[in-house]
Each structure stands twice: as structure tokens, then as C-alpha cells.
Amino acid sequence: MRRRGRLLPDVPVHHLLWGIPASFGGMTTVALQRASLLADLDRRRMDVLTLSPDLAPRARRRELYLDGLISRRVRIRNLWAELRRAADSALARLSDGAPASTHADHERTPSTGHVDHVRADEDGRELQVARFRDDGSLLLTDRQDVTTPGTRGGRRLTLYARSGEALGQWSSATAFYHAWLRSVVGDEHAAIICDSAFVGGLMHSFTSPHASLIQVIHSHHHDADNGTLGSLASGKLPILKNADAYDLLAVLTERQKKDLLEEDIASDNIVAIPNPFHGRVSTAAGPRTRERGIVVSRLSGIKRIDHAIRAISSSTASTSPTLDIYGDGQERERLEECIAGLDLGDRVRLHGHDSRARTRFAQFSFSLLTSRTEGQSLMLVESMAGGCIPIAYDIDYGPSDIITDGVDGLLVPAEDPEALTQAIDRFLAMDEARVADMRDAAIDASKRFSADGIAAQWAQTIQRVVGLESGDRRADDHDGADRSAARGSVSARLVDVGLVSDRVAFSAQLDGADRGAMAWAKLALIGRRGRGYKRLPLQVSGEDHRPVLTAELPIEQLVVEDAGALDLFVDARISGLPVRVRLAAGTCVDPVPLGDLEHYATVRGNASIRRAADTTSPARDTSTA
């Protein structure tokens with residue numbers, strides 16, 4: 001890619017992952033490609049930060065570089081590798097703010113060794129871990145049986161000097177990871193782009209006066225099989241229910257951005273940036289056999305490859321279509337049985353994994369996408385770049401953001417194999433001139449996802465998040481102390497709650513914030529057992545210094561189920577800072593029936609909702625929320 005001048009701000013830009021395993025999927029691929037793209041764009045070094053204890057960063061970087069998966073300008077850094085090499089003085093600085101108590105844990109684990117020591121319970125869950133330096137000295141102990149030795153409960157991580165002196169202690173792995181990340185960032189401003197959903201779920205509480213955090217969501221945020229409040233994907237729930245804590249959320253499509261805003265999960269800190277296409281775009285669509293179809297996909301249930309196979313089987317076109325499927329996975333045996341059962345052995349072929357599969361679109365006439373959900377599906381762009389017409393289920397998310405139906409591809413109602421068959425037959429019956437126009441249009445459409453264009457969007461986003469577009473970085477906006485002070489000055493209490501027809505009506509009073517300083521306010525219902533989450537927009541009225549907040553929710557949408565109870569919070573952006581405060585029960589201390597549920601006050605006087613059958617009195621409710 002030709003350099004046209006520096007686009008990125010003059011600050012370090014880090015990419016954050018848990019690890020880079022020997023075999024990895026699309027999320028890790030995208031993160032490594034983005035780091036390489038931005039590094040080459042600005043001719044600068046870029047770091048990929050990893051937290052996995054099973055990663056040898058220098059060897060892994062060499063493997064990735066030789067395989068053509070990262071730029072020579074990208075460096076892999078790892079928490080454990082760096083701590084093992086760090087001087088005691090650096091470890092002491094990292095431990096600043098987390099001083100070690102008089103209790104150390106080396107008496108319960110080996111104090112020297114060359115292989116990490118792990119003790120687990122009978123279920124295989126870790127109880128005690130000791131990690132060592134190359135010289136055999138103890139680096140860290142991680143106890144997860146602090147409350148009762150030998151039984152999982154409580155946690156303490158202790159970092160040691162080479163002399164054996166305990167330097168720092170943390171009560172959670174998350175806090176320990178945050179300490180390392182703050183040491184990486186140092187005293188200069190930096191941007192961190194986190195692609196991992198798991199690591200992102202640990203980052204919402206990360207604070208640094210010098211770091212701006214962008215969290216990327218790579219796939220659908222709903223789980224159709226999850227019947228909890230909000231039906232959000234459990235793997236993304238820690239991110240979604242703390243969406244305001246990130247400087248920016250990045251999704252892959254405008255449609256997903258719109259949904260997250262309409263569902264009041266995201267607020268004013270969300271952007272849509274598609275993944276870039278790194279392959280070659282055809283200069284012209286060459287001739288090809290019309291009936292040849294292709295699928296490039298892993299063979300998993302969510303991809304529903306059997307829909308594509310059955311659509312080929314049901315075709316009534318004058319020339320029978322064929323399908324070549326490139327990819328492997330756990331569904332292969334079932335798909336082989338499906339092909340045999342439909343007697344399609346001469347028309348549908350499973351090729352397994354092929355490293356060159358994505359270069360084959362120019363040889364085929366049409367491609368099929370039958371997934372249940374997607375984050376974006378670069379496969380569609382790759383198909384179009386090769387002049388291969390995509391025929392895709394109109395699912396969340398991606399196809400409608402990429403394909404213009406009837407112009408450069410065909411969109412089919414989701415989960416409708418019969419409609420898919422009809423679309424294939426319609427395409428096969430088109431005159432050659434129209435198909436040629438569609439192929440040319442598909443090639444043109446794929447150029448919207450060029451690496452240059454997407455890199456420019458990321459550059460603008462990073463400029464925005466570090467505050468350089470306006471020339472004002474305002475580092476104190478990211479200071480955890482300032483956020484804590486803002487939260488501490490604001491309180492909220494419930495004024496009224498009850499059923500109005502078939503809707504639950506909430507009314508609350510906010511203290512400590514002026515209406516004019518409030519950009520927005522929402523009511524958050526959070527499942528106490530870590531499941532279930534929903535937000536409602538709050539209407540603001542009343543006095544400037546004591547605004548009244550009101551919201552309504554259809555009673556059928558209020559689901560407790562496995563959440564145990566729903567705790568109520570007020571979220572707001574006040575003077576530019578995100579604030580979340582627990583909603584006090586106020587004068588609503590007696591249980592209020594809400595259909596099969598009820599509002600009640602916890603032992604701390606906060607507002608919560610539970611099933612009416614849960615007759616635990618406030619005095620017996622052990623919630624600390």
C-alpha cells in the first residue's frame with residue numbers, strides 16, 4: 001500500500017488479545033491484519049499485547065511473520081514473558097498501589113522451579129499456581145483457595161522479587177492484568193484496541209489517565225437460545241452491560257450499530273467500521289460456467305451448510321447447479337450423510353480445508369451464505385471481488401450492508417431454504433448481459449472495503465478517541481479518580497413503581513446533577529447472578545437541580561428467570577463522564593406487586609425486582625448491591 005502521509009495520531013496504538021494459539025479464527029486474524037495494516041500505513045512499530053501464560057511471544061511472532069500473517073513492524077508482547085525478564089525495580093513500580101501484605105504464599109507452593117506448578121481440585125479447577133523465572137526464582141503465586149486452603153474460594157496474586165520478597169498483591173487476576181497494562185502505557189497517552197470478547201469483559205473497569213480504550217464487537221450481540229432479560233449473548237454480557245465504560249465501542253456494520261442504539265445498550269460512544277478486504281479485486285469479471293456454486297466456511301451448526309446443500313438439491317433449473325464447499329469442522333460427518341441421503345455425490349463436493357480457498361471465487365459463478373448470524377462476513381466481499389455473485393440469507397449482520405439486492409447480489413429471507421432455491425433458479429435463468437452487469441457491480445461494490453479505505457476510518461476513529469481532532473486530549477476525562485468523584489456526587493432514589501395497564505412504570509429522583517449537564521439518562525436492570533440485562537431511556541423533567549426521571553417497560557419483557565433478582569441502576573452521561581449509580585428504594589420499602597414479580601427493598605435499602613414467590617424478607621435478603 002502506498003504511503004500518503006501519516007494518518008494516525010502520534011501516540012502508541014496497542015492491540016489487545018488474550019493469546020494467539022496455533023490455530024485461530026477470524027477475530028484474531030482481523031486483529032493481526034489491522035495491526036499490520038496500520039503499522040505499514042504509518043511505517044511505525046505496533047504492539048499486540050497478550051495475557052496468556054502459554055505464549056512465547058518472540059517465537060510466535062516469527063512463525064506469524066514467516067506465514068505472512070503479520071507485518072515485520074508488528075511486535076508481539078506478553079505479560080508473563082516481560083515479567084520474567086523485568087528488573088525488581090520495574091516490578092516494584094508495577095506493584096505501586098497494590099502493596100503486599102505481611103502474608104506471602106510461597107510457603108504453600110514450591111519457592112523455586114523451572115516449570116510452573118499447578119494444584120487443582122478434584123474437578124480440575126485451579127487452586128494454586130506458582131510461576132517461575134528462567135533462573136528458577138519464584139515470580140508469582142496465584143491462590144484461589146484463600147478462604148479455606150484446598151477449597152476454591154477467595155483469590156490472592158502475589159508478585160515476588162528475585163530475593164523472594166513479596167512486592168505486590170492483588171485480589172483478582174483482572175486487577176493484576178490492569179496493573180501490567182498501566183505499566184505498558186506509562187505516562188504518555190496511548191490507544192488500546194481490544195478485539196477479544198473475553199479480555200474486553202475484564203477491561204470495562206480499567207482506569208488510566210493516559211489510555212483510551214476501544215472495544216471491538218465481532219459478532220451478534222444476541223443469543224436466540226438465551227431466554228434471560230434482554231436475551232444478550234452471555235460471552236459478551238460483561239461488555240454490553242458496561243458499554244458506557246469504554247471510550248468507544250466498534251462494531252462491523254451500521255445495522256448492528258443502529259440496533260445497539262435502539263436497544264439502549266450503546267449510547268453515544270459507538271462507531272461502525274467494517275473489516276477490510278486484503279485480497280486482490282478483479283479488474284474485470286471473466287466468463288465462467290453459470291451453474292457452478294461455492295461455499296467457503298467452517299463446517300459448524302451456526303453456518304447451516306445443510307441449507308445450501310438442500311437448496312441445490314431442490315433446484316428445478318434447466319441446468320442443475322453444483323456446489324463446491326471449502327472448509328472443515330465438526331459438522332462434516334453430518335453433511336456427508338446429508339449429501340449421500342440426497343444422492344448429490346456428483347453435484348456437491350466437500351473439499352475440506354484449503355489455504356487457497358478464498359482465492360477461488362473468480363473460478364465460480366455464485367456463492368451461498370446460509371449462516372444463522374454473522375458479524376460482517378468478509379466471505380461476501382471476497383466473493384464479490386472475484387466477480388462471483390453472492391446469494392445470501394438477509395441475516396443480522398452484514399449481508400444487507402454489503403449487497404444491494406438485484407444489483408450486485410441477491411438477498412433471501414433468513415431461514416428460508418425454499419426462497420434460497422428460488423433465488424438460485426432465478427439467477428440461473430437470467431440473461432447473460434444482466435449477469436455480466438451484476439458481476440461488474442459486485443467488483444465495484446467490493447472496493448468499498450479496500451484496506452486503504454478501512455485504514456483511514458480506523459485512523460479517524462483513533463484520532464477521535466485520543467482527542468486530537470479538536471487538539472484537546474483532555475486526559476483527565478479518562479482519569480478513574482475523576483469518574484469516581486462524579487459517581488460519588490450523584491445519587492438516585494425511587495419515587496414510585498407500579499403497573500399501569502400492562503406496563504411497569506418507574507419514577508426516580510436524581511440528586512447531585514443539573515439537568516443542563518446531563519446528556520442522557522437510562523434505567524438499567526441488571527441480573528444479580530450475572531445473567532440478564534436491559535436498559536430503558538429515562539425521560540427527564542422537574543427542577544434543574546433535582547431532575548425527575550421516568551420510564552416504562554411492557555410487563556411481558558420483564559424476565560427474572562435465572563437472574564435471581566434484577567437490581568436497578570441509573571446510567572447517565574453528566575458533564576461528559578459516564579456515571580452509574582445504584583437506585584435506592586427511597587420511600588418504596590414495601591413490596592410492590594408487578595404481575596408474577598414484585599419490587600422490593602434490599603437490606604441496604606436499594607431497589608430490586610424478584611419473583612413474587614421469593615418471599616425472602618428484606619431483613620433476610622443478603623444482597624450487598
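Any residue at all in the stretch 102-125 that's more than 30 Å from ARG152 (Cβ to Cβ) and either crowded, with 17+ Cβ neighbours inside 10 Å or touching a residue at least 12 places away in the same chain (Cβ under 8 Å) (or both)? Checking the stretch 102-125: not a single residue is more than 30 Å from ARG152 (Cβ to Cβ) and either crowded, with 17+ Cβ neighbours inside 10 Å or touching a residue at least 12 places away in the same chain (Cβ under 8 Å) (or both). When restricted to residues that are under 29 Å from the mean Cα position of the chain (by Cα) and buried (at least 20 other Cβ atoms within 10 Å of the Cβ), the stretch 149-158 contains 1.
The rows are residues; the columns are (1) crowded, with 22+ Cβ neighbours inside 10 Å; (2) part of a loop (DSSP other than H, G, I, E, B).
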position: SER355; (1), (2): no, yes
position: LEU368; (1), (2): yes, no
position: ARG372; (1), (2): no, yes
position: GLU382; (1), (2): yes, no
position: GLY387; (1), (2): yes, yes
position: LEU411; (1), (2): no, no
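The residue of the stretch 159-192 that is surrounded by the most Cβ atoms within 10 Å (Cβ to Cβ), among those that are touching a Lys or Arg at 6+ places or on another chain (Cβ under 8 Å) and under 20 Å from ASP88 (Cβ atoms), is TRP170. Could you list, ordered by first residue, the pairs with Cβ atoms under 8 Å in which the first is in the stretch 367-396 and closer than 20 Å to PRO321 by Cβ and the second is among the aromatic types (Phe, Trp, Tyr) and in a loop (DSSP other than H, G, I, E, B), at least 6 apart or interchain? Hits for this filter: GLY386/PHE364; CYS388/PHE364. Give the residues of the stretch 503-533 that are of a type outside the set (Gly, Ala, Ser) and within 20 Å of PRO593 (Cα to Cα), sorted by residue number. Scanning the stretch 503-533 gives ARG503, VAL504, PHE506, LEU523, LEU525, ILE526, ARG528. Could you go through the stretch 225-236 and let me know if any residue there is at pLDDT 90 or above, within 21 Å of HIS15 (Cβ to Cβ) and either surrounded by fewer than 19 Cβ atoms within 10 Å (Cβ to Cβ) or of a type in the set (D, E, K, R) (or both). Looking through the stretch 225-236, at least one residue is at pLDDT 90 or above, within 21 Å of HIS15 (Cβ to Cβ) and either surrounded by fewer than 19 Cβ atoms within 10 Å (Cβ to Cβ) or of a type in the set (D, E, K, R) (or both). Residue pairs whose Cβ atoms lie under 9 Å apart, separated by 6 or more positions or on different chains, with the first residue in the stretch 142-155 and on the phi > 0 side of the Ramachandran plot and the second of a type in the set (Ser, Thr, Tyr) and surrounded by fewer than 12 Cβ atoms within 10 Å (Cβ to Cβ), are GLY153/THR147; GLY154/THR147; GLY154/THR148. Identify all residues within the stretch 217-249 that are aliphatic (A, V, I, L, M), touching a residue at least 60 places away in the same chain (Cβ under 8 Å) and in contact with a strand residue (DSSP E or B) (Cβ under 7 Å, 6 or more places away or on another chain); write none if there are none. Listed by number, the residues that qualify are ILE217, LEU229, LEU232, LEU237, LEU240, ALA245, LEU248. Looking across the stretch 345-401 at every residue that is at pLDDT below 90 and polar (S, T, N, Q), the one that is nearest to HIS278 (Cα to Cα) is identified as THR359. If you go through the stretch 152-162 and keep only what is of a type outside the set (D, E, K, R) and in contact with a strand residue (DSSP E or B) (Cβ under 8 Å, 6 or more places away or on another chain), you end up with GLY154, LEU157, THR158, LEU159, TYR160, ALA161. With the condition kept exactly as written, say whether any residue in the stretch 250-259 is surrounded by fewer than 17 Cβ atoms within 10 Å (Cβ to Cβ), under 30 Å from LEU213 (Cβ atoms) and free of Cβ contacts under 8 Å to residues at least 40 places away in the same chain. Yes, the stretch 250-259 contains at least one residue that is surrounded by fewer than 17 Cβ atoms within 10 Å (Cβ to Cβ), under 30 Å from LEU213 (Cβ atoms) and free of Cβ contacts under 8 Å to residues at least 40 places away in the same chain. What residue, among those in the stretch 50-72 that are surrounded by fewer than 17 Cβ atoms within 10 Å (Cβ to Cβ) and charged (D, E, K, R), is modelled with the lowest pLDDT? Per the criteria, the residue is ASP67.
Residue count for the stretch 519-545, restricted to those that are in a strand (DSSP E or B) and touching a residue at least 12 places away in the same chain (Cβ under 8 Å): 17. Within the set of pairs 6+ apart or on separate chains, which have a first residue in the stretch 333-348 that is closer than 12 Å to LEU299 by Cβ and in contact (Cβ under 8 Å) with a residue 24 or more places away in the chain, a second that is of a type in the set (D, E, K, R) and part of a helix (DSSP H, G or I), and C-beta atoms under 9 Å apart? Listed by first residue and then by second, the contacts come to ARG334/ASP306; LEU335/ASP306; CYS338/ASP306; CYS338/ARG310. Helices (runs of 4 or more DSSP H) fully within the stretch 233-348 that include at least 1 residues being under 28 Å from ALA445 (Cα atoms): 254-262, 305-314.
The set of residues from the stretch 579-609 being within 25 Å of the chain's Cα centre (by Cα) and either buried (at least 21 other Cβ atoms within 10 Å of the Cβ) or within 10 Å of LEU494 (Cβ to Cβ) (or both) comprises VAL579, VAL581.
Results for (1) more than 17 Å from SER231 (Cα to Cα); (2) surrounded by 16 or more Cβ atoms within 10 Å (Cβ to Cβ), shown as yes or no for each residue.
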residue	(1), (2)
ASP502	yes, no
ALA508	yes, yes
ARG515	yes, yes
TRP520	yes, no
GLY532	no, yes
LEU568	yes, yes
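Does ASP47 qualify as being surrounded by fewer than 16 Cβ atoms within 10 Å (Cβ to Cβ) and among the charged types (D, E, K, R)?
Details: surrounded by fewer than 16 Cβ atoms within 10 Å (Cβ to Cβ): no; among the charged types (D, E, K, R): yes.
Criteria not met by ASP47.
The values are calculated or read from the model by the stated rules, or taken from the named source; none is laboratory data. Since the model is a prediction, treat every value here as computed from it, not as a measurement. Please note: Cβ atoms are built from the backbone with ideal geometry, for glycine as well, and neighbour counts cover all protein chains shown.
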